[in-house]
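Any read-out appearing in this document is the output of simple, stated calculations on the displayed coordinates, not a laboratory observation. Just so it is clear, the model here is predicted, and its values are computed rather than measured. Cβ coordinates were reconstructed from backbone atoms using ideal geometry, including for glycine residues, and neighbour counts include every protein chain displayed.
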Amino acid sequence: MVPDLDVSIRPGSDIAQAMVPDLYVIQKVRKETDDTFTLELQEKSGRHTLSYAPGQFNMVYVFGVGEIPISISGDPASPVLVHTTRAVGTVTRVMARLRRGDMVGLRGPFGTGWPVREARGHDVVIVAGGIGLAPLRPTLYEVLSHRDEFGKVVLLYGTRTPSDILFREELEQWRARFDLEVHVTVDRADSGWRGNVGVVTALIHKSPFDPEKTIAMVCGPEIMMRFTALEMQKRGVSSDSIYLSLERNMKCGIGLCGHCQFGPFFVCKDGPVFRYSRIKDLMVKREI
Amino acid sequence: METLERILAEHPFFKDLSEPYLQLVTGCASNVRFEPEKFIFREGEEANQFYLIRQGRVALQIFAPDRGQITVETLEEGDILGWSWLIPPYNWHFDARVLELTRAIALDGKCLRRKCEEDHNLGYELLKRFAHIIEQRLSSTRLQVLDMYGA
Amino acid sequence: MPTTPLYRIERAGIDQIISSLWQQHFTVVGPTVRGAAIELDELHSTSDLPIGWTNEQTPARYRLIKLPVESLFAYTVSPHSWKRYLFPPILKLCLARKNGKGFHFVSGGNGSVGTSIPEAAGEARPYAFLGVRSCDLHALSVQDKVFGSGAYQDEYYRRTREQTWIIAVNCTLASGTCFCVSMKTGPKASSGFDLALTEVITQHEHYFLVETGSDRGRTLLEGVAHRPAESAEVSMGEELVENASQQMGRSLDTENIQEILYQSAEHPRWDVVAARCLTCANCTMVCPTCFCATMEDVIDLSGTNAERLRKWDSCFTMDFSYLHGGSVRSSVKARYRHWLTHKLASWIDQFGTSGCVGCGRCITWCPVGIDITEEYRAIRETYVTNTATSST
């Protein structure tokens with residue numbers, strides 16, 4: 001079998017343009033927790049606002065240091081571009097020291113987004129673990145701004161300790177709403193904490209959603225996502241209705257460098273949001 | 001008594017328990033109420049009851065001299081509190097402290113233990129159900145211990 | 001198979017082809033002897049070719065052997081593949097320069113901001129590849145899909161590739177690690193070339209059969225002394241290429257390969273090969289289709305200029321799959337399994353073809369002689385045995 005030799009390849013967005021970052025200026029830096037911070041960015045010329053879908057990410061460049069993928073964590077309807085990330089590696093640690101007025105480079109948005117449109121007419125269950133709340137926050141904004149298009153909306157959020165809770169004021173505002181159910185839990189706490197203590201998956205079995213018409217969106221450490229998916233299935237939610245957001249080492253973000261492969265999938269372009277039924281067999285394999 | 005029996009019958013924990021056993025269990029049941037900050041039981045005390053929480057929130061806590069009172073789990077409406085009444089030497093291993101006003105059904109463990117010794121089928125039915133709860137709590141605890149958000 | 005007319009040219013004709021291409025400002029590159037191996041480099045005449053050399057290739061072994069004839073193409077593939085020209089080992093992507101509190105991107109070559117910089121890296125030079133074997137021709141087609149079929153494409157690859165001349169050579173012998181027949185990628189080049197040559201050496205004659213594959217190929221041939229090939233000559237050429245088909249050193253059964261590999265993630269063979277594999281990444285470097293790359297940031301001493309470079313990378317490296325705290329594939333087993341599964345199976349899901357063209361380079365250049373065909377055969381045999389027993 002001879003594959004067609006295609007010398008005149010159809011021109012697409014070329015790698016050079018896609019590999020040169022746009023310039024963004026930091027408007028605000030907020031320390032969220034011990035190791036997590038948020039950057040609010042604006043494109044340098046002020047003429048461009050990034051248009052993106054909840055769940056997508058950008059490759060963010062720090063001058064001379066490098067680039068990393070960070071999920072967008074702001075409101076898609078707002079002109080302010082928001083990124084929340086943990087300072088855990090070389091690039092993010094330098095990024096955490098940047099201040100208002102400093103610049104970063106930005107390429108994106110890349111990747112698949114959460115199924116917000118598909119979730120219309122359904123109950124929506126959002127399960128977030130740790131920093132996983134950041135890529136899910138844009139979904140919550142979008143769902144709340146079209147609230148009557150959805151059934152029950154539930155947010156389950158688990159994190160390590162009370163001091164690791166992200167977006168605390170916002171969570172409290174959401175919890176006060178009558179059309180949104182918010183449950184926050186921590187893995188451990190001292191006696192000053194009056195809220196839930198326990199793993200986030202334990203919140204699922206008694207959560208008030210209809211498994212037959214639920215779309216679940218899950219983001220957090222891979223172990224947490226695996227067990228959450230199992231608990232959702234125990235409740236009767238089909239694996240076709242559960243979506244996870246995966247993470248892998250990325251260098252290009254555009255499916256050309258090979259680093260983010262997960263089985264046959266490129267997490268940067270086939271993901272990061274995946275339907276659980278598509279990847280569940282891969283997820284139980286070690287070191288894939 | 002009749003209301004209690006219905007409440008117990010409708011609770012998932014007692015699902016499929018035969019009518020005579022249900023009545024037997026109801027015979028050992030009573031309504032209880034705990035004010036916030038009170039301890040339902042403390043570590044080391046004799047474990048003679050278990051509770052079916054109907055409303056409120058209870059924190060399972062342990063005290064460490066250098067770290068103070070640490071909450072390892074919270075239980076709320078619908079949860080079962082306590083299995084040490086089933087397992088010798090029948091002592092509580094944690095403190096159970098009330099966070100929010102809690103109403104519960106207390107089941108007399110001492111009384112039930114005696115009945116289980118007399119009727120092993122009843123014992124098996126209860127142990128089956130508790131094994132399930134313990135398994136769930138163990139799985140959850142393991143995930144908590146993993147400190148998966150830390151990495 | 002539709003027969004296109006074949007012509008006959010002499011060695012001098014090839015010299016004419018080479019100089020004509022240089023005159024048209026194409027850089028002619030092809031096989032040449034460098035030290036103890038045949039590598040790819042600039043060719044200025046046929047004397048630069050490995051005259052009278054053949055190669056012996058077996059697992060972990062490569063030797064050049066002198067022949068008693070003045071053949072031009074009596075060898076197979078070199079450790080170099082053509083990807084080094086279209087997908088260079090190092091490519092400058094962009095240059096960032098500090099200014100005040102911020103920075104901006106400058107180009108290296110053409111002066112306009114934010115445009116592609118390959119010009120600075122060494123220009124998208126118009127190349128003429130002379131001596132492309134059929135397996136390597138297929139490898140080019142495979143990389144065409146990798147770099148040219150996604151939403152984002154490699155512009156440098158595309159621009160370079162578009163102009164590049166392909167002068168293919170049909171193999172008249174195979175080496176011990178060849179298996180193009182199994183992968184249906186040779187030994188005869190069937191399309192995608194400007195010209196295709198078959199070297200014929202008999203007791204009395206030494207000539208070349210030429211097939212044209214493009215308009216510019218036809219035009220080039222017009223300027224070279226040639227005549228239609230006689231049927232005896234055509235048969236001779238066919239016989240020689242058929243000999244190569246019969247000499248394949250290795251084979252690989254591709255039937256059901258995706259299902260077999262996807263189901264074999266825990267096959268014990270992976271542990272066996274992992275005990276041998278050094279994760280040296282030789283295989284990925286010599287493989288004509290491997291495309292993994294990394295981005296490297298290089299900042300100058302003054303801290304003013306920061307370059308972003310794209311460099312060849314390999315999934316065999318320890319931190320290829322690094323993710324805060326550890327690598328997803330940290331064991332040797334996981335890395336080898338990923339490479340082989342990707343090459344033979346996942347590639348098909350990703351790009352519609354196999355990633356392997358049967359060139360055998362990975363077998364020859366593995367320092368411990370790991371043979372991809374052998375590894376896959378062991379896995380396939382278990383699967384076949386298991387399926388046979390379960391269906392009885």
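Structure notes:
- Those lysines that a straight Cα-Cα span of less than 30 Å connects to residue B:128, excepting residues fewer than 8 apart in one chain: A:206, A:234, B:15, B:110, B:115
- The phi torsions of the stretch C:75-82, fed into the Karplus equation with coefficients 6.51, -1.76 and 1.60 and a -60° offset, translate into couplings of 9, 10, 8, 8, x, 7, 10, 5 Hz, rounded to whole numbers, with Gly and Pro shown as x.
- Surface/4 estimate of mean projected area, convex hull on alpha-carbon atoms of the stretch A:144-204, nm²: 4.6 nm²
- What the Kirkwood sum gives for the protein assembly as shown is a hydrodynamic radius of 31.0 Å, with every pair of different alpha carbons counted.
- Whole-number D in µm² s⁻¹ for the stretch A:15-110, Kirkwood Cα-pair radius fed into Stokes-Einstein, 4 °C, 1.567 mPa s: 98 µm²/s
- DSSP-assigned coil residues among GluC sites (Glu not before Pro) in the stretch A:155-192, each with at most 10 further Cβ atoms within 10 Å: none
- Dimensions of chain A along the principal axes, based on C-alpha atoms and rounded to the nearest Å, stand at 59, 56, 38, largest first.
- Entries of A:28/A:285; A:28/C:92; A:269/C:92; A:28/A:213 with Cα pairs more than 30 Å apart: A:28/A:285; A:28/C:92; A:28/A:213
- Trypsin sites (Lys or Arg not before Pro) within the stretch A:92-132: DSSP coil, no more than 15 neighbouring Cβ in 10 Å: A:97, A:99, A:100, A:117, A:120
- All alpha carbon pair distances within chain C were sorted into 10 Å bins beginning at 0; the resulting P(r) in whole percents reads 5, 21, 29, 24, 15, 6, 1, 0.
- Neighbour counting of Cβ atoms within 10 Å sorts the residues C:183, A:103, fewest neighbours leading, into C:183, A:103.
- Ranking of C:389, C:382 by neighbouring Cβ atoms within 10 Å, starting from the fewest: C:389, C:382.
- Relative contact order, percent, the stretch C:208-351 [alpha-carbon distance under 8 Å, six or more residues apart]: 21 percent
- Radius of gyration and maximum dimension Dmax of the stretch A:123-283, Cα, Å: 16.0, 51
- When only the Cβ of Lys, Arg, Asp and Glu is charged (+1, +1, -1, -1), the dipole of the stretch B:2-145 relative to its Cα centre reaches about 180 debye.
- Relative contact order [Cα under 8 Å, 6+ residues apart], the stretch C:130-249, whole percent: 30 percent
- Eligible lysines near residue C:188 by straight Cα distance, threshold 23 Å, same-chain separation 8 or greater: C:83, C:145, C:343
- Kirkwood-based shape ratio for the stretch B:2-145, expressed as Rg/Rh from alpha carbons: 0.96
- According to the Cα-based calculation, Rg over Rh for the stretch A:98-152 is 1.10, with Rh computed by the Kirkwood formula.
- Rounded to 5, the percent of DSSP beta bridges in the protein assembly as shown classed as antiparallel: 75 percent
- Once C-alpha pairs closer than 8 Å and six or more residues apart are averaged by separation and normalised to the residue number of chain C, the relative contact order reads 21 percent.
- Fewest-first sequence of B:97, A:30, B:54 by Cβ atoms within 10 Å of each Cβ: A:30, B:54, B:97
- Three semi-axes describe the equivalent ellipsoid of the stretch C:119-277; taken as square roots of 5 times the Cα gyration tensor eigenvalues and ordered largest first, they are 33, 26, 13 Å.
- Entry note, the protein assembly as shown: the mean residue ellipticity at 222 nm calculated from DSSP H runs of n ≥ 4, each adding -39500 (n - 2.57), is -8500 deg cm²/dmol after division by the residues and rounding to the nearest 500.
- Convex hull volume of the Cα atoms of the stretch C:298-356, normalised per residue: 127 Å³.
- Within straight-line reach of residue C:101, meaning a Cα separation under 20 Å, sit the following aspartates and glutamates at least 8 residues removed in sequence or on another chain: A:22, A:40, A:43, A:67, A:102, C:297, C:300, C:307.
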